[in-house]
1. Check off (1) out of contact with any helix residue (DSSP H, G or I) (no Cβ under 9 Å at 6 or more places or on another chain); (2) more than 22 Å from residue 265 (Cα to Cα); (3) buried (at least 16 other Cβ atoms within 10 Å of the Cβ); (4) of a type in the set (A, V, I, L, M, F, W, C) for residue 134 and give me the number that stays unchecked.
2. Answer with yes or no whether residue 220 is under 30 Å from residue 66 (Cα atoms), outside any loop (DSSP other than H, G, I, E, B) and in the same structural domain as residue 251 (by TED's automatic domain parsing).
3. Could you say which residue among 100, 43 is modelled with pLDDT of 70 or more and crowded, with 18+ Cβ neighbours inside 10 Å?
4. Quick one: how many residues across segment 29-58 are assigned to a helix (DSSP H, G or I) and either within 25 Å of the chain's Cα centre (by Cα) or of a type in the set (Lys, Arg) (or both)?
5. Please go through segment 113-131 and give me each residue that is surrounded by fewer than 22 Cβ atoms within 10 Å (Cβ to Cβ) and either free of Cβ contacts under 8 Å to residues at least 12 places away in the same chain or not aliphatic (A, V, I, L, M) (or both), ordered by number.
6. Please go through (1) in contact (Cβ under 8 Å) with a residue 60 or more places away in the chain; (2) surrounded by 13 or more Cβ atoms within 10 Å (Cβ to Cβ) for residue 216 and return the number of the only condition it doesn't satisfy.
7. Residues in segment 7-28: is at least one in a helix (DSSP H, G or I), of a type in the set (Gly, Ala, Ser) and modelled with pLDDT under 75?
8. Hey, any hits in segment 158-167 for a residue that's of a type outside the set (Asp, Glu), out of contact with any Pro (no Cβ under 7 Å at 6 or more places or on another chain), without any contact (Cβ under 8 Å) to a residue 40 or more places away in the chain and over 30 Å from residue 280 (Cα atoms)?
Amino acid sequence: MNDHASARQVLARELKRLRLRTGLSGRELGRRASISQSKVSRIEAGTALPTVPEVENWGRVLDVPAETVRWLAIITGNAHLEAHSWSAVLQDGKHLQHEIGGWEAAAAVVRTYQPSVVPGLLQIADYARRVFSLFSPPYDEAALAAAVAGRLERQLALYESGRKFEFLITEAALRWRPGPPNVLVAQLDRIRSMSTLDNIGIGLIPLDGEAVATYSHGFVIYEGGQESVATVEMIHGPLTVDSEVQVEMYRHRWSLLGEMALRGDDARSLLDDLIGRVRRHAALDGDGTA
């Protein structure tokens, strides 16, 4: 049995066990948890994977201890991430974006560190399309369109009141160009514009600053939900870090990286310099697209 099946089945067995222990029927549980009876049956059979909010409602209806609900939510998140490895994403590119969006929706504060590419929540459509097109094996056209649409849909959260998004981006990530110069210019201009929003904090880590931490890999910390969770970007897909001790390690690394970052007008000045550099190089190369 592969990891995806075992994660799904462990969750299914535990949810069914908890319901049977209370003597509550599937119909009544579904009514109280706002889940259809048919979906309750499919979840318990392991043929449907519930969302984190559905599992949390399930636990509350059954008066499950908070620690158990937290454990169930973590299993659910891991099952979704395992179920959508990059090979699965090629079949349904939009779905993984929705699963990531689920973590974002549950968090009051989302902190994203990216050393190699502009974070997805800040990407313009053309930049995102070119990033997805570089995946190997490649997306087909339908999966590529779905992945881009899912990424853009996630960005609506940036405009929700009461939500806070913080980004740390290295200069190397800002310089990386997955398309012609005009795409990068538009992308950098988008970051500059977003940096003026009150609920968005953008820190840019310049190449010529004194280092107090290594760049390492990209990661995201989700704070303020049922639990704090970090996701780590790997080649095969994202991994979830749910141990509080380990999440604290990512908070510490975030703090160190933040010490190296430019913010506010200083960050916007760096963006202006990079935009000017891209345009000058395009002109020297005879590329009229910038």
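The values are calculated or read from the model by the stated rules, or taken from the named source; none is laboratory data. The shown structure was predicted, so the numbers you read here are calculated from the model rather than taken from an experiment. For neighbour counting, all protein chains shown are included, and Cβ atoms are generated from backbone atoms with ideal geometry for every residue, glycine included.
1. Result: residue 134 fails condition (3) only.
2. When the stated conditions are applied, residue 220 passes them.
3. Residue meeting the stated conditions: 43.
4. 12
5. 115, 116, 119, 120, 126, 129, 130, listed by residue number.
6. Evaluating residue 216 over (1) in contact (Cβ under 8 Å) with a residue 60 or more places away in the chain; (2) surrounded by 13 or more Cβ atoms within 10 Å (Cβ to Cβ) leaves (2) as the failure.
7. yes
8. Within segment 158-167 (the criterion being of a type outside the set (Asp, Glu), out of contact with any Pro (no Cβ under 7 Å at 6 or more places or on another chain), without any contact (Cβ under 8 Å) to a residue 40 or more places away in the chain and over 30 Å from residue 280 (Cα atoms)), the answer is yes, since at least one residue qualifies.
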